[in-house]
Amino acid sequence: MTERAGQPNFKTLKGEAPQGAFPSVPARRAMPADFAISVKAKRCQDLRAPDQGQRMQPMRGFEDTYVDIVDYIIRITDRIWEDQDVGYIYDTYRAGCRVYDDHGPNYGVENVVEGTVQALHAFPDTRHYADDVIWAGNEDEGFATSHRAVNVGYHLGSWRWGPPTRRKINLWVIANCLSVENEIYEEWVLHNTSARLAQCGIDVRAAARSFGNEGLSPPLGERELTEVERLRGGRKPEPYPPSTMRSGFDVEHVVRALFHETYNRRNLSAIDRIYASNVRWHGSSNREGYGRADVRAMARALLATFPDLGLHVDDVYWMGNDEDGFSVSVRWTALGTHRGYGLYGAPTGRRVHLWGISQLYFVGGRIVEDWMLFNEFDVLAQILRDEPLTLTPDRES
């Protein structure tokens, strides 16, 4: 793509598949090489105003009112959730859209509408503040967006967990969307459910047990059981191969190597090499940390809870450059057995599927801020359900 005045600079890169036991890396998207289109660039603007100026990038098929993909994501969210124009979902989500949330996969736009109405009934005055939108892509290949928002409001309506508590919620969420020509066709969204329940005064573990017992947490399928196995064919996990990039900062390689070395090789020193000493870390259930020791502590806790944990990075995209830094979205999947005393009490021996989204901010080649959510409530539901544990010759289920 050629550069134009008022439009971001793009770099389109092609990924190379690492050799050996590593999964193939798909061809990379067109990544914005600056922050001309970003929440940061719009800080002085009223992001809800209908007039956002002139269109900043080509967006074939999108409504004329949207000037860029960041504007699109922020204002459709505001219109649906704050204006409560729930029917606008029919205009901005594909009829056969796939949505993966804290509790598993959903299919079809009617599920999106139904879930939105239920949430608005329980929290009708909730405000949604856009914290950041990391994006990549273009009008030809479609856009990928990772939208982090802060939700503030009160629990004023009945929901599946009981009557209104009138308690205040203040939590953050992440939604990763794929869209083309004004329609979202795939979404991965984490609602920080455990934090929401805790702030409403609800016993999170009891709620998770109930959820698991009702069968609302779907059983592990073949995909979850096979794609993220740490040891393939009895081989030990190999070090991640070196970058093939001849110059510059290889963002994708650094991120994939970090996750592999930390969670598959159990090499926690990888955190010290990539994270800044004063990194700020934000985690599921509104956990907060400062410094590398807190990042290591969470990684250790996950590995202690699931000693056979295997993790696969499913998607990586970013915006930025070597001089200004990089904002990176990472979606990942993991599988492990609850065999350790880490995060969730006495081991149950249950096989558990985890998935999460991380937003990483690099300055000078080091991560200075890390926002990480995973499906923690569903993990608890998988662990705590009362259904008897069934043993197979080589795996617990």
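Per-structure values
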quantity: Around ARG366: net Lys/Arg minus Asp/Glu count, Cβ-Cβ under 12 Å; calculated: -1
quantity: Order by protection proxy (mean Cβ within 10 Å, highest first), peptides 251-264, 87-100, 35-48; calculated: 251-264, 87-100, 35-48
quantity: Rh (Kirkwood; distinct C-alpha pairs) - the chain, Å; calculated: 22.1
quantity: Under the Debye formula (equal points on every Cα, no solvent term), log10 I(q)/I(0) of the stretch 223-384 at q = 0.09 Å⁻¹; calculated: -0.29
quantity: Packing-based exposure ordering (other Cβ within 10 Å, fewest first) of VAL70, VAL352; calculated: VAL352, VAL70
quantity: Footprinting exposure proxy for SER358, SER243, SER284, SER179 (fewest neighbouring C-beta atoms within 10 Å first); calculated: SER243, SER284, SER358, SER179
quantity: Point-to-point label distance, GLN84-THR65, nm (Cα→Cβ direction, 7 Å offset); calculated: 1.8
quantity: For the chain, built as a Gaussian network whose Cα springs stay under 10 Å, the top-fluctuating residue of VAL379, VAL117, VAL316; calculated: VAL117
quantity: Amide H within-cut-off set for THR126, under 5 Å, with H built and near neighbours excluded; calculated: TYR154
quantity: Share of pairwise Cα separations in the stretch 31-202, more than 20 Å, in percent; calculated: 52
quantity: Simple spin-label estimate for ARG273 and HIS121 in nanometres, 7 Å along Cα-Cβ; calculated: 5.3
quantity: FRET efficiency estimate (nearest 0.05) - Cβ-Cβ, ASP308 to ASP203, R0 30 angstrom; calculated: 0.55
quantity: Cα shape, the stretch 28-97, gyration tensor, a/c 1.5 rule; calculated: oblate
quantity: Proximal lysine pairs, the chain, alpha carbons under 29 Å, eight or more residues apart or interchain; calculated: 6
quantity: Value of relative contact order over the chain, rounded to a whole percent, pairs C-alpha under 8 Å and six or more apart; calculated: 14
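Computed from the coordinates by the stated procedures, all read-outs in this text should not be read as laboratory data. All figures in this text were calculated on a predicted structure; none of them were measured in a lab. Glycine also receives a Cβ, built like all others from the backbone with ideal geometry; neighbour counts cover every protein chain displayed.
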